[in-house]
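The next block holds one structure in the form of structure tokens; read it before the comments.
The values are calculated or read from the model by the stated rules, or taken from the named source; none is laboratory data. Everything numeric in this text was worked out from a predicted model, so none of it was measured. Note: ideal-geometry Cβ built from the backbone for every residue, glycine included; neighbour counts use all protein chains shown.
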Amino acid sequence: MPSPAEIILRLILAAILGGIVGLERERRHQPAGFRTHMILCLGSTLAMMVSIHVAHTAYVNGPPYPDPARIAAQVVSGIGFLGAGAILRLGVSVKGLTTATSLWTMAGIGLAIGSGFYFGGSIATVIIVIALSAMSRVEKDLFGSKGNKILIFTAEDRPNLIPKVEEILRKHKIHINTLKINRTPQGLLNIHIEMRLLEERQISHFSDELLFLGGISELEIR
């Protein structure tokens, strides 16, 4: 069994490693940020030490000997519920998957620290911080900032308006997922388009062209 000083070291180290990853998520304004990652890593470390303590106590008292990894295994599966809470669905957009996976990984890092596997837990923290920060820029440079957006605008009911809008979006290589049209009591068209972009800078290009068509007002992209 670890000494009191070792227990304190493991808990403090877990809080520090969790906080490092949490700071990166906090900087990107994610729902699970600094405190969430810190407490999660701390909690999983404590769960691992409880597993070790229970197994050690049972071993001293004699057989049957319990499995010291049983509580830790429940942490790995149970953290999925917390990760699911970090995933948000906005229209066709799904956000929070990266944060959910970072939470799950922090649970594993906490278990590693709780078992005394300091080197593995520390290296994993370094790698996950690199993946969340530096690799996001590399991904953007290689593949662009892909994402789903929602285009909403009100337009006058003109002939061939929708084909012209679709032509502009296709010209900028924007994929249309869904297109919904509602007519207002005033005879205007409320148009709701769910689309997929390759790059954020496409927004300014096609929005200017849409407004150039005339008769379009209250254009919103979210």
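Summary table
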quantity	calculated
Criterion: touching a helix residue (DSSP H, G or I) at 6+ places or on another chain (Cβ under 7 Å) and either more than 30 Å from Leu46 (Cα to Cα) or at pLDDT below 80 (or both) - qualifying residue of Ser115, Ser145, Ser133	Ser133
Residues of segment 1-27 that turn out to be over 18 Å from Ile127 (Cβ atoms) and either in contact with a helix residue (DSSP H, G or I) (Cβ under 8 Å, 6 or more places away or on another chain) or β-branched (Val, Ile, Thr) (or both), as a count	9
Restricting segment 101-127 to residues that are among the hydrophobic types (A, V, I, L, M, F, W, C) and surrounded by fewer than 20 Cβ atoms within 10 Å (Cβ to Cβ), the residue that is nearest to Met49 (Cα to Cα)	Phe117
Qualifying positions in segment 1-50 - at pLDDT 85 or above and of a type in the set (Val, Ile, Thr)	Ile7, Ile8, Ile12, Ile16, Ile20, Val21, Ile39, Thr45
Any chance Val54 is in a helix (DSSP H, G or I), within 14 Å of the chain's Cα centre (by Cα) and either buried (at least 24 other Cβ atoms within 10 Å of the Cβ) or not polar (S, T, N, Q) (or both)	no
Test: residue in segment 1-14 that is more than 18 Å from Gly78 (Cβ to Cβ), under 24 Å from the mean Cα position of the chain (by Cα) and surrounded by fewer than 18 Cβ atoms within 10 Å (Cβ to Cβ)	no
Residue count for segment 60-101, restricted to those that are at pLDDT below 65, part of a loop (DSSP other than H, G, I, E, B) and of a type in the set (Val, Ile, Thr)	1
Sole exception among (1) modelled with pLDDT of 85 or more; (2) closer than 30 Å to His192 by Cβ for Ile123, by number	(2)
